[in-house]
Amino acid sequence: MTVGLIPGSFDPFHNGHLEIVERASQIFDEVVVAAIRNPQKSQPLFDLEERREMIADSLVHVPNVRIVSISTLLVNVARDVNATAIVRGLRAVSDFESEMQMAQMNRSLSGVETLFLPSSSDHSFLASRLLREVARYGGDVTSFVPPPVAKRLAEKYPEGIS
Ligand code: ADP
């Protein structure tokens, strides 16, 4: 059985992430989405459990997906779920340098391969950081995120912050 592991901060999960998960679910028998606590991102908007719930609610239509939240090294999770490959979405050349370095490190640590899926042009401008800013100042993000995420963002920022 092939397993694709899709890690990310997903703070919050958006339509670019959704597209990568849907495409990976066509390639692998099972897809594991791992919401990660990233120590370099100090103050997350949503805690890990909230992120896990939002991702699960956004992926009810994908039958072969499992969601986990983790605070450990990615290669440990890759081993635990018996991952065939780590899957990462690439938006632009700017993503490439750090993604390449991470892929090489993960392969050196554990032998696990990384598969890159290019984002579609419809979603290549989406970034969680940008969506947090737009939502915070009351902008409409409903066309960029799945409905369960839009709902949580609206609860977080009922009138936006101005
Ligand atoms: P990280 O904190 O690891 O950068 P993110 O939550 O920002 O995680 O993203 C998780 C994964 O989704 C990464 O592989 C990232 O490149 C990919 N990704 C982010 N935004 C998009 C997008 N708009 N289209 C496709 N892939 C994306």
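The figures follow:
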read-out	value
Matching residues in the stretch 47-58 - criterion: being of a type outside the set (S, T, N, Q) and open to solvent by less than 40 Å² (accessible area, probe 1.4 Å)	L48, R51, M54, I55, A56
Residue in the stretch 89-103 that is farther than 19 Å from P12 by Cβ, surrounded by 15 or more Cβ atoms within 10 Å (Cβ to Cβ) and polar (S, T, N, Q) present	no
Within the stretch 3-91, helices (runs of 4 or more DSSP H) holding 3 or more residues that are touching a residue at least 60 places away in the same chain (Cβ under 8 Å) and within 9 Å of the ligand (Cβ to nearest atom)	15-27
Test: residue in the stretch 6-17 that is among the hydroxyl-bearing types (S, T, Y), open to solvent by 20 Å² or more (accessible area, probe 1.4 Å) and more than 15 Å from I70 (Cβ to Cβ)	no
One residue from V62, V21, V31 being out of contact with any helix residue (DSSP H, G or I) (no Cβ under 8 Å at 6 or more places or on another chain) and either under 22 Å from A154 (Cα atoms) or open to solvent by less than 60 Å² (accessible area, probe 1.4 Å) (or both)	V21
Meets criteria (among the aliphatic types (A, V, I, L, M), surrounded by fewer than 19 Cβ atoms within 10 Å (Cβ to Cβ) and under 19 Å from V87 (Cβ atoms)) for A154	no
Test result for A78, in contact with a Gly (Cβ under 8 Å, 6 or more places away or on another chain) and of a type in the set (A, V, I, L, M, F, W, C)	no
Counted residues, the stretch 104-127 - those being free of Cβ contacts under 8 Å to residues at least 12 places away in the same chain and crowded, with 16+ Cβ neighbours inside 10 Å	0
Residue in the stretch 114-129 that is among the acidic types (D, E) and at pLDDT 95 or above present	no
Residue list for the stretch 92-141, filter: assigned to a helix (DSSP H, G or I), within 20 Å of V81 (Cβ to Cβ) and near the ligand (Cβ under 9 Å from one of its atoms)	M102
Residue check, P44 open to solvent by 30 Å² or more (accessible area, probe 1.4 Å), modelled with pLDDT under 95, in contact with a helix residue (DSSP H, G or I) (Cβ under 9 Å, 6 or more places away or on another chain) and not basic (K, R)	yes
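The values are calculated or read from the model by the stated rules, or taken from the named source; none is laboratory data. Predicted model only: the values in this text are computed from it and were never measured. Quick reminder, even Gly has a Cβ in these numbers, built from the backbone with ideal geometry, and neighbours come from all protein chains shown. Just the protein is used for accessible areas: all its heavy atoms, side chains included, with ligands, DNA and RNA removed. Shrake-Rupley method; radii C 1.70, N 1.55, O 1.52, S 1.80 Å.
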